[in-house]
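Student: Attaching a single structure in structure tokens format; questions to follow.
The values are calculated or read from the model by the stated rules, or taken from the named source; none is laboratory data. Please read these numbers as outputs of a predicted model, since none were measured by experiment. A quick note on method: Cβ atoms are made from the backbone with ideal geometry, for glycine too, and the neighbour counts reach across all protein chains shown.
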Amino acid sequence: MDDWRPKTQQVRGGHERTAFGETAEGIFLTSGYVYESAEEAAAVFSGDSEGYIYTRYGNPTISVFEERLRLLDGAEACRATASGMAAVFAAVACDTSAGDRIVASRSLFGSTVAVLGRLLARWGIETTFVDGRDLKSWERALERSPKLVYLETPSNPMLELVDIAAVSELAHGAGARVIVDNVFATPVLQRPLELGADIVVYSTTKHLDGQGRTLGGAVLGPAEFIHGPLQEFQRHTGPSMSPFNAWVVAKSLETLDLRVREQSRSAAALASFLGEAPGVLRVLYPTADEHPQVELARRQMEAGGSMVSVEIDGGRDEAFGFMNRLRLFDISNNLGDAKSLSTHPATTTHSRLTPQERQAMGISDALVRLSVGLEDLLDLKADLAGALGL
Ligand SMILES: Cc1ncc(COP(=O)(O)O)c(C=O)c1O
């Protein structure tokens with residue numbers, strides 16, 4: 001399976017048929033497992049025999065999903081989690097202790113800021129936030145030898161980029177492990193491990209499910225980390241993916257390449273349409289000519305992705321008016337769905353941040369985030385034009 005190309009792996013990876021010879025992957029919706037004898041149970045628990053123990057520890061359907069995603073990311077190991085935030089928290093918390101330092105890019109999903117900046121701070125783990133675009137800021141912050149470097153690229157919702165290869169090199173020089181949130185790009189458009197990162201985290205709730213049904217997450221990286229501290233942390237703290245959700249996402253991975261590339265093509269076309277549209281002050285899209293990091297985007301990503309953010313001319317009222325006039329783009333805080341969605345980050349996904357934190361990230365009241373789905377591009381364009389009164 002390791003020799004297959006990604007498009008084959010996403011359809012076939014991790015699938016071992018049972019004796020029934022089913023075409024599609026089976027669902028093992030079971031919390032526990034039975035043993036032939038007490039001796040066998042003892043052997044499985046001690047690790048002398050292979051076998052599933054309990055679905056909080058592992059499950060055959062979850063294993064199919066984990067193996068499929070592992071192959072797509074080119075990782076040594078993968079572990080599924082109950083949500084994207086469970087993945088972020090477990091990846092960071094499983095091998096940090098009081099007194100450790102983290103350096104993170106400032107432009108992050110709101111709950112990640114809360115975990116790094118507030119929750120972990122209560123346990124004596126200090127995070128320094130830097131401008132992720134600026135290598136000099138990374139260099140300065142890395143002088144004090146952190147344990148971890150954490151970054152999200154492209155970032156939610158400002159679509160700022162971090163140079164994964166350059167930051168990984170600096171971080172490794174300082175002895176830190178690098179964790180990348182690859183939610184916006186997906187393994188189709190960006191492979192952080194090949195660029196030098198150590199660990200990748202996903203919210204599978206987004207493009208990996210792609211049809212807005214299940215909550216889930218995943219952590220990928222070296223086997224010693226995933227089967228060591230991460231597995232230990234997750235087994236005891238309990239944020240495991242449900243086998244049903246694992247089945248849904250494993251099946252969704254079969255169409256990931258097709259969906260993400262199509263959504264990305266439409267998003268790029270809409271970004272260029274919005275760039276010319278009256279009523280729009282600024283368009284943020286990684287591979288657009290106007291993006292200040294376009295050269296990095298083209299080097300690090302295969303395409304710009306499905307997310308476009310726009311600053312509407314005006315403030316919150318004008319942004320709300322634009323969203324309320326959209327008929328096809330539903331108002332929702334989710335993203336990566338086949339259905340196009342619009343979000344006002346300042347009052348939803350990033351509303352728990354302080355106004356100062358939002359300002360530091362550049363999230364204004366006029367900002368609207370668009371998640372471009374799989375509808376006909378002409379209908380999407382007409383919807384945006386209608387909402388802008390064109
Ligand atoms: C970039 C990013 N990372 C992590 C998460 C958290 O994922 P979940 O909602 O599955 O916990 C999100 C959710 O929006 C996100 O956008």
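Student: When the residues of the stretch 74-88 are filtered to those that are within 11 Å of the ligand (Cβ to nearest atom) and under 17 Å from residue 198 (Cβ atoms), which remaining residue is surrounded by the fewest Cβ atoms within 10 Å (Cβ to Cβ)?
Tutor: Only one residue fits best here, namely 88.
Student: Next question, about the same structure. Identify, from the list 61, 18, the residue that is at pLDDT 95 or above and either crowded, with 16+ Cβ neighbours inside 10 Å or more than 26 Å from residue 191 (Cα to Cα) (or both).
Tutor: Result: 61 is the single residue among 61, 18 that is at pLDDT 95 or above and either crowded, with 16+ Cβ neighbours inside 10 Å or more than 26 Å from residue 191 (Cα to Cα) (or both).
Student: Give 118, 106, 144, 122 a once-over and let me know the one that is over 25 Å from residue 235 (Cα atoms), outside the structural domain of residue 335 (by TED's automatic domain parsing) and out of contact with any helix residue (DSSP H, G or I) (no Cβ under 7 Å at 6 or more places or on another chain).
Tutor: Being over 25 Å from residue 235 (Cα atoms), outside the structural domain of residue 335 (by TED's automatic domain parsing) and out of contact with any helix residue (DSSP H, G or I) (no Cβ under 7 Å at 6 or more places or on another chain) holds for just one of 118, 106, 144, 122, which is 144.
Student: Something else: All but one of (1) touching a Lys or Arg at 6+ places or on another chain (Cβ under 6 Å); (2) within 26 Å of residue 208 (Cβ to Cβ); (3) surrounded by fewer than 24 Cβ atoms within 10 Å (Cβ to Cβ); (4) not hydrophobic (A, V, I, L, M, F, W, C) hold for residue 336; state the number of the condition that does not hold.
Tutor: Answer for residue 336: the failing condition is (3).
Student: When only residues in the stretch 198-210 that are crowded, with 24+ Cβ neighbours inside 10 Å and in a loop (DSSP other than H, G, I, E, B) count, which is farthest from the ligand (Cβ to nearest atom)?
Tutor: 210
Student: From (1) surrounded by fewer than 23 Cβ atoms within 10 Å (Cβ to Cβ); (2) part of a loop (DSSP other than H, G, I, E, B), pick out the condition that doesn't hold for residue 183.
Tutor: With (1) surrounded by fewer than 23 Cβ atoms within 10 Å (Cβ to Cβ); (2) part of a loop (DSSP other than H, G, I, E, B) applied to residue 183, the lone miss is (1).
Student: Evaluate the following for residue 245: is it surrounded by fewer than 17 Cβ atoms within 10 Å (Cβ to Cβ), farther than 26 Å from residue 194 by Cβ and of a type in the set (S, T, N, Q)?
Tutor: For residue 245, the condition - surrounded by fewer than 17 Cβ atoms within 10 Å (Cβ to Cβ), farther than 26 Å from residue 194 by Cβ and of a type in the set (S, T, N, Q) - is not met.
Student: Any idea how many residues of the stretch 299-319 are farther than 18 Å from residue 132 by Cβ and without any contact (Cβ under 8 Å) to a residue 24 or more places away in the chain?
Tutor: Residues in the stretch 299-319 being farther than 18 Å from residue 132 by Cβ and without any contact (Cβ under 8 Å) to a residue 24 or more places away in the chain: 1 in total.
Student: Can you tell me how many residues in the stretch 310-356 are under 19 Å from residue 283 (Cβ atoms), in a helix (DSSP H, G or I) and within 16 Å of the ligand (Cβ to nearest atom)?
Tutor: 2
Student: Would you check if there is a residue in the stretch 72-91 being touching a residue at least 40 places away in the same chain (Cβ under 8 Å) and on the phi > 0 side of the Ramachandran plot?
Tutor: Within the stretch 72-91, one or more residues are touching a residue at least 40 places away in the same chain (Cβ under 8 Å) and on the phi > 0 side of the Ramachandran plot.
Student: Pick out the one residue from 167, 219, 162 that is buried (at least 24 other Cβ atoms within 10 Å of the Cβ), modelled with pLDDT of 95 or more and assigned to a loop (DSSP other than H, G, I, E, B).
Tutor: Testing whether each residue is buried (at least 24 other Cβ atoms within 10 Å of the Cβ), modelled with pLDDT of 95 or more and assigned to a loop (DSSP other than H, G, I, E, B) leaves just 162.
Student: Kindly indicate which of 122, 101, 144 is away from the ligand (no atom under 16 Å from the Cβ), at pLDDT below 95 and over 25 Å from residue 336 (Cβ atoms).
Tutor: Just one listed residue meets the conditions, 144.
Student: Another question, if that's okay. In the stretch 23-42, is there at least one residue being closer than 17 Å to residue 220 by Cα, touching a helix residue (DSSP H, G or I) at 6+ places or on another chain (Cβ under 8 Å) and surrounded by fewer than 19 Cβ atoms within 10 Å (Cβ to Cβ)?
Tutor: no
Student: Can you list residue pairs whose Cβ atoms sit under 6 Å apart, with the first residue in the stretch 103-115 being closer than 12 Å to residue 361 by Cβ and in contact (Cβ under 8 Å) with a residue 60 or more places away in the chain and the second being within 7 Å of the ligand (Cβ to nearest atom) and of a type in the set (A, V, I, L, M)? Count only pairs 6 or more apart in sequence or on different chains.
Tutor: Between residues of the stretch 103-115 that are closer than 12 Å to residue 361 by Cβ and in contact (Cβ under 8 Å) with a residue 60 or more places away in the chain and residues that are within 7 Å of the ligand (Cβ to nearest atom) and of a type in the set (A, V, I, L, M), the close pairs are 112/88.
Student: Could you check the stretch 211-243 and list, in sequence order, the residues that are within 16 Å of the ligand (Cβ to nearest atom) and either over 17 Å from the mean Cα position of the chain (by Cα) or farther than 21 Å from residue 373 by Cβ (or both)?
Tutor: Once the filter is applied, which keeps residues that are within 16 Å of the ligand (Cβ to nearest atom) and either over 17 Å from the mean Cα position of the chain (by Cα) or farther than 21 Å from residue 373 by Cβ (or both), the stretch 211-243 yields 217, 218, 219, 220, 234, 237, 238, 239, 240, 241, 242.
Student: What number of residues within the stretch 168-197 satisfy the criterion of being charged (D, E, K, R), away from the ligand (no atom under 11 Å from the Cβ) and under 11 Å from the mean Cα position of the chain (by Cα)?
Tutor: Counting residues in the stretch 168-197 that are charged (D, E, K, R), away from the ligand (no atom under 11 Å from the Cβ) and under 11 Å from the mean Cα position of the chain (by Cα) gives 0.
Student: If you don't mind, another one. Please go through (1) under 18 Å from residue 171 (Cα atoms); (2) within 16 Å of the ligand (Cβ to nearest atom) for residue 95 and return the number of the only condition it doesn't satisfy.
Tutor: (2)
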